[in-house]
Every structure is written in C-alpha cells, then in structure tokens.
Amino acid sequence: MTHLNIGKKNLLPANDYYLLSFLTRIKNGDIGAAFSYFPPVSFPRGFKFSSRGLEVLNSILKNWIMNDVVMPSAWQNRVYKTSTIAEFCRFWDLEAEYKISINFLMVLRDIQQLWYEEEYENSSYLFDRKLSGSEKVFLDLMFRKTLDTKKRAFMSRFSELYKSMPLSSFNFSYHTLSIMPRWNELSSAEQYYMIASTDYYVESFVQWESEFHLKNYEVVQQEIGLVLQKLIELCSIGIKDEVWSLFYLPIEIFYRISQNGLLNKNRYLEMKSFESLEEKHVYGVILEIRSSFQKFLNKILEVKREMQSIGFVEENFKIAEKLQRLIVKRVDPVLEIYDKQLEYMATNEVRK
Amino acid sequence: MSHTYRISRKETIRNTVKVNEEWKSLIETLPILPQVEMAKLLSEELAKENDWSKSGNVHQKQDGNWTIEYDEESMLLSIEYDDEKTFEREETIEISGYNPGYSDEPLITSAIERAKEKFIQESTEAKDYEKAAKNKLEQEIEPKLDEIEGLFQDLVEVVQIEALKKKARNIGEIESIAEDKENGEVKIIVKI
C-alpha cells in the first residue's frame with residue numbers, strides 16, 4: 001500500500017507535467033524537444049498550476065541556480081555545506097528562498113507564444129516584466145545553454161528578440177547594479193563567498209562578450225556601459241571600505257578586455273547592425289563605447305595607486321602585497337596596449 | 001441577424017515634427033600629465049566659464065535648441081540640436097461596424113491611423129515649421145560648432161600651459177615663465 005501512495009504522490013496534473021518537462025529539457029539546451037512538451041494548450045487559464053507542481057518547479061529552479069551559478073562560483077565551496085551556500089548569494093541579488101512568481105510564468109508563456117508564432121496575448125513587451133534577480137538568471141541560463149547547443153534552432157525563432165534583448169549573459173551586469181545590500185552589511189561568510197566567486201563571473205564575462213556580434217549595437221553599447229559601471233562601482237567600494245579583495249574581479253576583467261579584442265574598433269564596426277548607420281553616428285557610438293573603457297581604465301589606475309600607497313609597515317600590507325603582485329602581472333603588461341587601442345578608437349580611421 | 005451601424009468618436013490627432021542632429025567629439029590634449037590629471041585640469045577651467053553647469057561628472061550648457069555636454073572623465077564632448085513641436089487637431093472618426101459581439105477597436109485604430117496620415121499630408125503649418133527648423137539649423141550649425149571648437153581649443157591651450165607649469169614644479173624650482181600667446185610658446189626656466 002505504501003508504495004502505491006508514493007506512486008500517487010508523484011503524479012502531477014497534465015499542465016504541471018508539461019511545464020516541468022519543458023524546463024528540464026531546456027536546461028540541457030534541447031530547445032526543440034523542450035517545446036514539443038510545451039504546446040500552447042499546456043498553459044492553464046489564469047496560470048493555475050497545482051501547489052505541488054509549483055513546489056517541484058521551485059526546487060528544479062533552485063537546484064539549477066545552485067549547480068550552474070552558485071557552486072561553480074565558489075571555488076572554495078568545500079568549506080561550506082551546500083545548503084548554506086545559498087544564503088551567501090545576497091550580494092548577487094539571488095534569493096536564497098526562491099519562489100516562482102506569476103511574472104516568470106508569464107515570460108514562459110511569452111516565449112511559448114513566440115515559438116509557436118501565436119499572436120501575443122499579453123500586450124506588454126516580453127522581458128519588460130518585473131523579474132527577480134534569480135528569475136533573470138534562469139532566463140539567462142536558458143538562453144545561454146541553448147545558444148551553446150542549438151544555436152540555429154534558437155536563432156530561427158528568437159533572433160529578432162535576442163538581438164535587441166537587454167538580457168546579458170554576464171549575470172551581474174545590470175540587475176544588481178545598485179549592489180544592495182551594501183558590502184559592510186554582509187556577514188563575513190557572505191563577503192568571503194563574494195570574493196571566492198571571481199572565476200565564475202570572469203567566465204560569464206567572456207561568454208557575454210563573445211555574443212556581441214549577434215546583438216544590436218544599441219544593446220552592446222548600453223551593456224558595455226552598465227558592466228563597466230558595475231566594475232567601477234566594485235572598485236569604489238573596495239577603495240572606500242578597504243575591501244581590497246574586491247579588486248580581483250575588475251583586475252582580471254581589465255586584463256581580459258585587452259586580450260579579447262574588446263578595444264578593437266573594427267570588431268564593433270563589423271557588427272551587422274552598424275551597416276544601416278550613417279558614418280557620423282558610427283563614430284559617435286564608438287566614442288561612447290570608448291568613453292566607458294576610458295573610465296574603467298581611470299578606475300583601475302586609481303586602484304593601482306591605492307595599492308602602491310600601502311607601505312610594509314601598515315597592518316594590511318600582506319593583502320596589498322598580493323594585489324600589487326597581481327597588478328604587476330595583469331595590469332602593467334597591458335596598460336600600454338589598452339591605451340593605444342583607446343587612442344585608435346578615437347580616430348576616424350577604419351581598417352577594411 | 002446582424003445590422004450595420006455607425007460609430008463616431010472625437011479624437012485628437014497629433015503630428016510631431018522633430019529636427020534632431022547630434023555630434024560627438026573627443027577632446028584631446030598633449031599627454032604632458034597623465035590623462036586623468038589633464039582631464040581634471042580641463043574640467044576646472046571649464047567650470048570657470050559662464051553658462052556652464054555641472055551635474056556629477058558632466059558639464060552642461062543649454063543654448064536655445066542646443067545642448068552641449070562634456071564628460072570630464074572620458075573627455076567626451078556631445079553636442080545636440082533638438083527642435084520639436086507637436087501640432088494637433090480635433091477630428092471626428094466615423095466607422096461602420098457590422099459584427100456585433102466583436103470589438104470595433106481594430107477598425108477605430110486603423111481609422112485613426114488614416115486620419116493621422118491625412119493630417120500629416122495636409123498640414124502645411126507642420127511642413128512649414130519643419131522647413132523653417134531645418135533652415136535655422138543649417139544657419140546655426142557652422143557658427144555654433146566653430147564657437148564650441150574655439151572655446152575648447154582655448155581651454156586646451158590653457159590646460160596644457162597649466163600642465164607644463166605643474167610638471168616643471170615637480171622637477172624643481174621655477175625661475176621664470178615667459179608666455180608668447182601669439183606663437184603659442186611657453187618658456188619655463190627651472191632650477192634643479
């Protein structure tokens with residue numbers, strides 16, 4: 001009898017089953033199979049899913065964020081229990097006790113309508129909905145995974161949307177710009193987690209910029225500004241609150257910017273969305289992008305000066321010394337090339 | 001059985017005429033001091049100019065339809081000309097409906113669109129305004145851009161001289177400074 005009860009408990013209403021099947025498949029990036037389980041009829045009127053279905057959905061999404069965002073971030077996660085890591089995510093605006101919202105369900109419905117080329121039922125534009133930090137990351141993971149595995153299928157349906165979508169693979173690029181709560185309000189464990197998450201976010205940054213060519217120039221320009229603004233803000237907090245470990249991330253990304261051709265003007269000029277722009281406007285956009293990189297350079301130089309000003313008699317010299325070594329390795333060798341590329345960006349000349 | 005019926009509705013039809021042009025330029029100085037310090041000096045000099053206000057890192061000047069912005073950190077100068085006027089008129093939109101139970105909104109929306117197109121075509125006042133605004137812009141472009149360029153050229157010169165003095169002060173004691181503004185020469189004698 002007991003096993004029959006267990007069996008019954010696992011049965012879900014058809015609507016919940018469709019949605020869960022969709023999410024578990026899209027998690028692997030298999031967009032075609034995912035939507036075959038997610039026909040338009042599968043969305044119940046009024047978004048009424050069973051409470052048990054939503055419970056399962058919550059746990060799937062929570063695990064997803066744990067496995068794909070939180071755990072890879074914490075390269076020092078061995079010191080934590082899995083369950084406690086989730087509590088350390090406030091800094092990145094990821095909710096520890098995540099509960100699916102109606103807005104997220106509505107976005108899934110939007111995506112479904114787009115896939116099946118149905119007329120929009122909801123008049124408000126996709127992704128204009130108010131989503132939480134975690135929900136934005138779910139969408140991010142969803143699209144990132146699909147772009148990795150089934151790019152052609154994805155682009156055939158979503159290319160127009162994707163080009164103009166201000167959704168970034170770089171998780172913290174825009175929706176955690178306010179950096180709430182403030183650094184000094186975090187517990188030492190949370191601060192420790194934040195410092196330990198550098199690797200994951202650098203990797204996110206690289207993925208984010210590798211997709212520039214697919215996007216509209218307006219989106220690229222806006223997102224570069226936001227991402228660099230965020231990094232500048234991290235540096236400012238680091239200087240103000242003497243949290244020097246926060247410099248690891250901006251310094252590593254500064255290095256990657258110079259290595260990955262982000263300062264190469266031609267990389268932007270080759271973007272398709274530039275083709276329809278007048279030459280004068282192209283120059284204006286490039287100057288705006290350049291301006292963001294210039295501000296970031298200024299901030300990194302400020303960080304460098306700050307670290308150089310710490311003498312060996314000072315209390316925190318040991319940490320400063322580590323950062324000084326990092327600056328010698330990751331900032332100094334690329335300063336000249338960074339500066340030269342900025343100079344080239346400011347010229348009117350275009351290499352064909 | 002369905003009957004056709006007429007709907008009339010009063011609507012305000014609007015036609016917005018917009019003349020907008022934008023220029024961007026990077027202010028360049030000789031690299032006498034690090035870029036951050038040169039930018040700071042230029043910002044200090046610009047703050048002495050009348051009519052310029054500052055909000056955050058951005059200096060701004062409003063002059064009629066012209067907005068000039070200078071970002072002190074990246075030394076980016078943005079100049080924008082913006083002229084916008086909305087013309088409107090009251091129209092009575094009339095449509096014939098024949099499908100009771102269905103919404104008439106799509107029919108009304110397309111009737112409004114048609115009325116708007118007609119208004120745009122017929123409105124000589126808007127066309128005249130656009131023409132006049134474009135002419136005004138044509139006439140103002142050159143003197144305005146020359147004026148801004150002149151201002152920043154002067155500022156850059158002042159800043160470069162200031163930067164040279166600062167650098168000289170770092171080297172040793174300044175004995176004399178001779179400025180020949182006509183030839184753009186500065187002679188600084190430093191005692192080391």
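The values are calculated or read from the model by the stated rules, or taken from the named source; none is laboratory data. Treat the numbers as computed from the prediction; the structure is a model and nothing was measured. Here Cβ is always computed from backbone atoms with ideal geometry, including for glycine, and neighbour counts include all displayed protein chains. Surface accessibility is based on the protein's heavy atoms, side chains included, excluding ligands, DNA and RNA. Shrake-Rupley method; radii C 1.70, N 1.55, O 1.52, S 1.80 Å.
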Counting only residues in region B:37-51 that are open to solvent by 70 Å² or more (accessible area, probe 1.4 Å) and more than 21 Å from the chain's Cα centre (by Cα), the one farthest from the other protein chains (Cβ to nearest Cβ) is identified as B:Lys48
Only one of (1) out of contact with any strand residue (DSSP E or B) (no Cβ under 8 Å at 6 or more places or on another chain); (2) open to solvent by less than 20 Å² (accessible area, probe 1.4 Å); (3) away from every other protein chain (no Cβ under 12 Å) does not apply to B:Asn15, and that is (1)
> Is it the case that some residue within region B:159-174 is aliphatic (A, V, I, L, M), within 30 Å of B:Glu21 (Cβ to Cβ) and touching a residue at least 60 places away in the same chain (Cβ under 8 Å)?
Replying inline: yes
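For (1) within 14 Å of chain B (Cβ to nearest Cβ); (2) open to solvent by 60 Å² or more (accessible area, probe 1.4 Å); (3) closer than 21 Å to A:Ile224 by Cα, each residue gets a yes or a no:
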| site | (1), (2), (3) |
| --- | --- |
| A:Glu278 | yes, yes, no |
| A:His281 | yes, yes, yes |
| A:Ile286 | yes, no, yes |
| A:Lys299 | yes, no, yes |
| A:Arg305 | yes, yes, no |
| A:Val313 | no, yes, no |
| A:Leu326 | no, no, no |
**Message:** Being of a type in the set (S, T, N, Q), within 28 Å of A:His281 (Cβ to Cβ) and more than 25 Å from the chain's Cα centre (by Cα): is that true of B:Gln60 here?
**Reply:** no
Output for Cβ contacts, cut-off 6 Å, separation at least six or different chains, first residue more than 9 Å from chain A (Cβ to nearest Cβ) and open to solvent by 30 Å² or more (accessible area, probe 1.4 Å) in region B:18-36, second part of a strand (DSSP E or B) and of a type in the set (Asp, Glu), reads B:Lys18/B:Glu84; B:Asn20/B:Asp82
A:Ile327 passes all but one of the listed conditions (1) closer than 22 Å to B:Glu37 by Cβ; (2) at pLDDT below 90; (3) of a type in the set (Val, Ile, Thr); the exception is number (2)
Practice task
Check region B:100-107 and report whether any residue there is within 28 Å of B:Thr12 (Cβ to Cβ), without any contact (Cβ under 8 Å) to a residue 12 or more places away in the chain and surrounded by 12 or more Cβ atoms within 10 Å (Cβ to Cβ).
Solution key: no
Of the residues in region A:242-267, those that are part of a loop (DSSP other than H, G, I, E, B), open to solvent by less than 50 Å² (accessible area, probe 1.4 Å) and more than 19 Å from A:Trp208 (Cα to Cα) come to A:Val243
(1) away from chain B (no Cβ under 14 Å); (2) touching a Lys or Arg at 6+ places or on another chain (Cβ under 8 Å) all hold for A:Leu342 apart from (1)
> Would you say A:Arg330 is open to solvent by less than 90 Å² (accessible area, probe 1.4 Å) and either touching an Asp or Glu at 6+ places or on another chain (Cβ under 9 Å) or among the charged types (D, E, K, R) (or both)?
Replying inline: yes
Being within 33 Å of the chain's Cα centre (by Cα), more than 30 Å from B:Trp52 (Cβ to Cβ) and surrounded by 15 or more Cβ atoms within 10 Å (Cβ to Cβ) narrows B:Ala111, B:Ala115, B:Ala163, B:Ala133 down to just B:Ala115
Taking region A:25-49 and keeping only residues that are of a type in the set (Ser, Thr, Tyr) and surrounded by 15 or more Cβ atoms within 10 Å (Cβ to Cβ), one is left with A:Tyr37, A:Ser42
Taking region B:66-93 and keeping residues more than 14 Å from chain A (Cβ to nearest Cβ), surrounded by 11 or more Cβ atoms within 10 Å (Cβ to Cβ), touching a residue at least 40 places away in the same chain (Cβ under 8 Å) and out of contact with any His (no Cβ under 9 Å at 6 or more places or on another chain) leaves B:Trp66, B:Asp82, B:Asp83, B:Glu84, B:Lys85, B:Phe87, B:Glu88, B:Arg89, B:Glu91, B:Ile93
Restricting region A:220-231 to residues that are modelled with pLDDT of 85 or more and out of contact with any Ser or Thr (no Cβ under 6 Å at 6 or more places or on another chain), the one most open to solvent (accessible area, probe 1.4 Å) turns out to be A:Gln222
Given (1) at pLDDT below 90; (2) over 24 Å from B:Leu77 (Cα atoms); (3) within 13 Å of chain B (Cβ to nearest Cβ), A:Glu336 misses just (1)
